[in-house]
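The values are calculated or read from the model by the stated rules, or taken from the named source; none is laboratory data. Predicted, not measured: the structure shown is a model, and the values here were computed from it. Cβ placement follows ideal geometry from the backbone for every residue including glycine, while neighbour counts extend to all protein chains displayed. Heavy atoms of the whole protein, side chains included, go into the accessibility calculation; ligands, DNA and RNA do not. Shrake-Rupley method; radii C 1.70, N 1.55, O 1.52, S 1.80 Å.
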Amino acid sequence: MKPTAHLLGVDWGTSNLRVMRIADGGRVLDSRSDPRGAGGLTPDQFHDVLRDVAGDWLNEGLPVLVSGMAGARGRWREMAYLPCPAGVADLAGAIASPDDAPGVRLVPGVAAFEDDRLQDVMRGEETQVLGLDLQDDAVVVGPGTHSKWIRTAQGRITGFRTFMTGELFAAIRKGTILGGGMGEPGVDDDAFAAGVARALKDPAVTAALFSVRVEGLAGRLSPASAADYLSGLLIGAEVAAQLDTRERPILLIGAEPLCARYASALAQADFHDVRISDGAAATALGLWRIHEAVSR
């Protein structure tokens with residue numbers, strides 16, 4: 001017997017949109033993707049884009065639950081950030097609908113505070129994290145443009161830290177003297193490992209970055225390998241800042257090639273329990289768990 005969909009789950013990132021028909025238990029039956037991410041839309045465009053992408057699925061009368069940047073300031077409807085610690089029940093209790101789509105519900109983000117001052121925020125990652133089977137002391141690492149290190153306990157998000165590693169990598173390649181003639185990353189694992197080693201040894205990353213030029217002038221680094229060395233420096237600096245989590249289980253979640261790079265850097269830094277999780281499946285299951293909590 002073919003499984004029946006019970007939820008339309010929407011993962012609306014800054015650059016992309018994914019709509020999923022989700023069955024009981026969080027299994028994805030079908031999905032559709034679109035490049036119209038939240039970053040390029042005005043508040044009045046979201047409903048039309050969702051109708052365009054979801055299409056006939058909306059005729060099934062399923063509840064629609066949206067996580068990610070649709071709830072950011074200036075987007076479909078601004079959703080408040082919930083303070084840590086935050087779990088499924090907390091998110092389910094704070095969902096709300098945009099004015100032009102009362103049948104759609106948006107998941108709030110999560111914020112970290114220190115001394116009652118806002119320190120960090122996330123949107124979308126919270127849904128992924130809560131779709132994982134978490135150990136009490138796990139750290140979920142989401143590599144990407146803005147990499148997140150998210151601490152968990154008792155199935156809730158207890159704190160996190162954001163690193164602009166991916167965005168900084170792109171900015172250095174495109175807008176600094178270091179990027180001149182630099183090739184594409186992913187071709188030289190040894191250069192990547194050398195960059196990680198340098199960053200672990202020397203945490204002053206703004207000084208270590210100039211070694212990209214020095215290594216090239218010394219003939220030890222070719223233009224073709226420079227991007228991998230730079231990637232190693234930046235990821236290594238990120239890992240070096242989180243060495244206090246070395247004894248905890250680390251769950252990597254995101255694009256597989258990037259997660260593999262992080263796993264390699266973590267191994268160099270003597271992290272011993274590192275696992276890679278399926279990000280798409282985790283998002284779907286997180287949406288399902290929030291939906292279930294709302295329905296109780």
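Some observations on this one:
- Taking the three principal axes of the alpha carbon atoms in the stretch 89-169, the coordinate ranges are 38, 32, 28 Å, sorted in descending order.
- For the stretch 25-42, Karplus couplings with θ = phi - 60° (6.51, -1.76, 1.60), whole Hz, Gly/Pro x: x, x, 6, 7, 8, 8, 8, 9, 10, 8, x, 7, x, 5, x, x, 10, 8
- Each residue of the stretch 163-178 is assigned a 3J(HN,Hα), and the resulting list reads 10, 7, 5, x, 5, 5, 4, 5, 5, 5, 5, 8, x, 10, 4, 5 Hz, derived from the Karplus form 6.51 cos²θ - 1.76 cosθ + 1.60 (θ = phi - 60°), x at Gly and Pro.
- Average accessible area per residue (Å²) across the chain - probe 1.4 Å, nucleic acids and ligands excluded: 47
- Around the Cα centre of the chain, unit charges on the Cβ atoms of Lys, Arg, Asp and Glu (plus for the first two, minus for the last two) sum to a dipole of about 220 debye.
- For the chain, the antiparallel share of DSSP beta bridges with both residues in that region comes to about 65%.
- Options G175, V214, G9, ranked by Cα towards positive dipole end of the chain, top entry (Cβ charges): G175
- For peptides 90-97, 39-46, sequence by mean Cβ density within 10 Å, most packed first: 90-97, 39-46
- Taking Lys and Arg as +1 and Asp and Glu as -1, the other residues whose beta-carbon sits under 11 Å from that of G179 total +3.
- Within the straight-line cut-off of under 27 Å between alpha carbons, the lysines reachable from K201 are K148, K174, sequence neighbours fewer than 8 places apart in one chain being disregarded.
- Annotation: amide H of L7 within the under-5 Å range of I22, sequence separation 5 or more or interchain, hydrogens built in the peptide plane.
- Surface composition of the stretch 172-226: carbon plus sulfur atoms contribute 57% of the solvent-accessible area (1.4 Å probe, protein chains only, all chains present).
- Dimensions of the stretch 129-181 based on its C-alpha atoms, expressed as ranges along the principal axes with the largest first, amount to 48, 16, 12 Å.
- Built amide H within the under 5 Å cut-off of F113, gap 5+: C84, Q119
- nm² value of the averaged projected area, convex hull over the Cα atoms of the stretch 30-76: 3.5
- Peptides 50-56, 140-146, 208-214 ranked from most to least packed give 140-146, 208-214, 50-56, packing being the mean of other C-beta atoms within 10 angstrom over each peptide's residues.
- Loop-located GluC sites (Glu not before Pro) in the stretch 33-120 whose Cβ has at most 11 other Cβ within 10 Å (DSSP): none
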